[in-house]
1. So what's the convex hull volume per residue for the Cα atoms of segment 89-168, in Å³?
2. So, in nm, how far is label T232 from label H9 when the simple model puts each one 7 Å beyond its Cα toward the Cβ?
3. Just report the Cα centroid separation between segment 99-127 and segment 179-212, whole Å.
4. If you take the beta carbon distance between N202 and D242 as r and set R0 to 25 Å, what does 1/(1 + (r/R0)^6) give as a FRET efficiency, to the nearest 0.05?
5. Show me, for segment 25-40, the HN-Hα J-couplings you get by feeding each phi into the Karplus relation (A = 6.51, B = -1.76, C = 1.60, θ = phi - 60°), rounded to Hz, glycine and proline as x.
6. What is the fewest-to-most order of M163, M111 by other Cβ atoms lying within 10 Å of their Cβ?
7. Filter the cross-link list K99/K219; K206/K228; K101/K247; K70/K101; K169/K255; K101/K255 down to pairs whose alpha-carbon distance in this structure exceeds 26 Å.
8. So how far apart, in nm, are the two label points at S98 and D28 if each is 7 Å from Cα heading toward Cβ?
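Laboratory data are not the source of any read-out in this text; all were calculated from the coordinates shown. Here the structure is a predicted model, which is why all the values come from computation and not from measurement. Note that each Cβ is placed from the backbone with ideal geometry, even for glycine, and that neighbours are counted across all protein chains shown.
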Amino acid sequence: MSNPLSYIHPGAKIGANCTIEPFVYIDDNVVIGDNCHIMAHASILSGTRMGNNNRVFHGAVVGGIPQDLKFVGEDTTLEIGDNNTIRENVTLNRGTASKGKTVIGNNNLFMENCHIGHDSVVGSNCIIGNSTKIAGEVNIDDFAILSACVLVHQFCHLGGHIMVQGGSKVSMDIPPYVIAARDPLHYCGENIVGLRRRGFSNDAIKNIHNAYRLLYEGKVTTGIAKIKETMTMTPEVQQIVDFVENKSERGIIGK
């Protein structure tokens, strides 16, 4: 159902059972899945590919061109999964020639006034807090929670199941399962509450704790060697090792 006061380009493809409120602008080259709700004054711009059951709130701009001076109008996309909530005045930019697309997974909450930059990848079940700003080419893994007014530098990688303190400035990678806080940003223990809510066993949480105790005892390279020598490589421990060894390009936050 679309309101006559909204504008939908004839080239846009809108799924079944969608609600489009007044003064919505939907551009050409847009695909919106089934059961989506686009609220008043939202803009869905060229290159957006949206799945099912998404809610886009008032004033959001989805699929805007990148804030990158190297962008010269190339054909890129913003790919959004299912069941996402995109609150008021959120901006989600499409990709550049660097990667060609910005990717958003499923079941995420983007709170008011947050920004996701070009070519970034946000996993599933994440919460991005009010006025948090994610620069270009950032990776955020599943179940990450970023509190309000967090600033994330380009090319950073944020691991899964983390919690980042409000107002933080992120310029290094954050490994999985941890709480990151203070200024400058540091490891401040494991995200125990979040892990328990998601069904991690006490043994799994203990293994995560022991891995980080070894990792941060001295140099990171020495800590990784100790983990490999002394610990059983459970899936959680292996993920920590893989993140530090293979996925972290900017280096991880300190203790």
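1. Per residue, the Cα convex hull of segment 89-168 comes to 65 Å³.
2. Label at T232, label at H9, 5.6 nm between them.
3. 23
4. Values: r = 23 Å, r/R0 = 0.93.
For N202 and D242, the calculated efficiency is 0.60.
5. 10, 10, 7, 5, 6, 10, 10, 10, x, 7, 6, 8, 10, 10, 8, 3
6. M111, M163
7. Values: K99/K219 33 Å; K206/K228 16 Å; K101/K247 20 Å; K70/K101 15 Å; K169/K255 15 Å; K101/K255 34 Å.
Distance filter (> 26 Å) returns K99/K219; K101/K255.
8. Each label point lies 7 Å from its Cα, and together they span 2.8 nm.
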